[in-house]
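Colleague: The structure under discussion is supplied below as structure tokens; questions concerning it will follow.
What follows draws every value from the coordinates through simple rules; no lab data is involved. What you see is a predicted model; the values in this text were computed from it and never measured. With ideal geometry, Cβ positions are generated from the backbone for all residues, glycine too; neighbour counts draw on all protein chains shown.
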Amino acid sequence: MVQKPIEITKNFKQAGETYGAFKAWERDELIQNLVAAIAPCDAHIKYCFDRTVQTV
């Protein structure tokens, strides 16, 4: 058995649909929690996270 990557990926589809279904206060809390979790990280990790979020 050989594993091979799927040709078409929708890596953020489910996350986007879930985020879109949140109420405004739920989105606000999620963003606040992400910011609080990332705040203590090294600068290069923050940079990588920021680049990932911007490409979505």
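Colleague: When a/c reaches 1.5 or more, the comparison of a/b and b/c decides; with that in mind, is the chain rounded, prolate or oblate per its Cα gyration tensor?
Modeller: oblate
Colleague: Given Ala21, Ile6, Ala43, which one lies farthest toward the positive end of the charge dipole of the chain, if we put +1 on the Cβ of every Lys and Arg and -1 on the Cβ of every Asp and Glu?
Modeller: Comparing the listed Cα positions along the dipole, Ile6 ranks first.
Colleague: Give the longest segment of the chain that steers clear of trypsin sites (Lys or Arg not before Pro) in DSSP loops with at most 15 neighbouring Cβ atoms within 10 Å, not counting the sites themselves.
Modeller: Longest site-free region, per DSSP loop and neighbour criteria: 24-56.
Colleague: What are the ³J(HN,Hα) couplings of region 35-42, residue after residue, when phi is run through the Karplus curve with 6.51, -1.76, 1.60 and θ = phi - 60°? Round to Hz, x for glycine and proline.
Modeller: 4, 5, 6, 8, 3, x, 6, 5
Colleague: Pick out, in residue order, every one of the chymotrypsin sites (Phe, Trp or Tyr not before Pro) in the chain that is DSSP loop and has at most 15 other C-beta atoms within 10 Å; say none if there are none.
Modeller: Phe12, Phe22
Colleague: Dipole of the chain, Cα-centred, from +1 at each Lys and Arg C-beta and -1 at each Asp and Glu C-beta, to the nearest 20 debye?
Modeller: 200 debye
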